[in-house]
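We did not get these values from a lab; they are worked out from the coordinates using the rules stated. In this text the structure is predicted, and so the values were computed from the model without any measurement. Heads up, the Cβs are rebuilt from the backbone with ideal geometry, glycines too, and the neighbour counts pull from every protein chain shown.
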Amino acid sequence: MKMHYYQETDSLYIDLADRPSVESREVAPGVVLDFDAEGKLVGIDLDQASKVANLTRLDSIDLPTRITSVA
C-alpha cells in the first residue's frame with residue numbers, strides 16, 4: 001500500500017494494489033473508490049484531504065507489514 005499526497009490539489013491517493021483501475025465511483029462528496037477489471041478495490045482518492053484527515057501523523061497498528069521509506 002502506498003499513499004500519495006498532492007499538495008497543489010490537497011488530495012490524498014491511497015494505492016491499495018499494483019493493478020490498474022478501470023472504474024471509479026464517488027461514494028461520498030470528495031471520496032472516490034477505484035476498482036480493477038475484476039471489481040476489486042485498488043485505490044481510494046480523497047479530495048480536500050487536509051480538511052478530513054490528520055495528515056501529520058500515520059500509525060500502523062498490528063499490521064503484518066514490512067515498512068519501507070520512499071523518497
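Quick notes
- ³J(HN,Hα) computed for each position of the stretch 33-47 - Karplus, 6.51 cos²θ - 1.76 cosθ + 1.60, integer Hz, glycine/proline x: 9, 10, 10, 8, 5, 8, x, 8, 5, 10, x, 10, 10, 10, 7
- Amide H within-cut-off set for Gly43, under 5 Å, with H built and near neighbours excluded: Leu16, Asp34
- Per-residue ³J(HN,Hα) for the stretch 13-25, Karplus 6.51 cos²θ - 1.76 cosθ + 1.60, θ = phi - 60°, Hz, x for Gly and Pro: 10, 9, 8, 8, 8, 8, 10, x, 8, 10, 8, 10, 9
- Cα gyration tensor shape of the chain, rounded if a/c is under 1.5, else prolate or oblate by comparing a/b with b/c: oblate
- Gain on full extension, evaluated as 0.36 nm per residue between Ile44 and Arg19 minus their Cα-Cα distance, stands at 7.7 nm.
- Met3 long-range amide H proximity, modeled H, under 5 Å: Asp15
- Local charge for Lys51 was computed over the other residues whose Cβ lies under 15 Å away, with Lys and Arg +1 and Asp and Glu -1, and equals -3.
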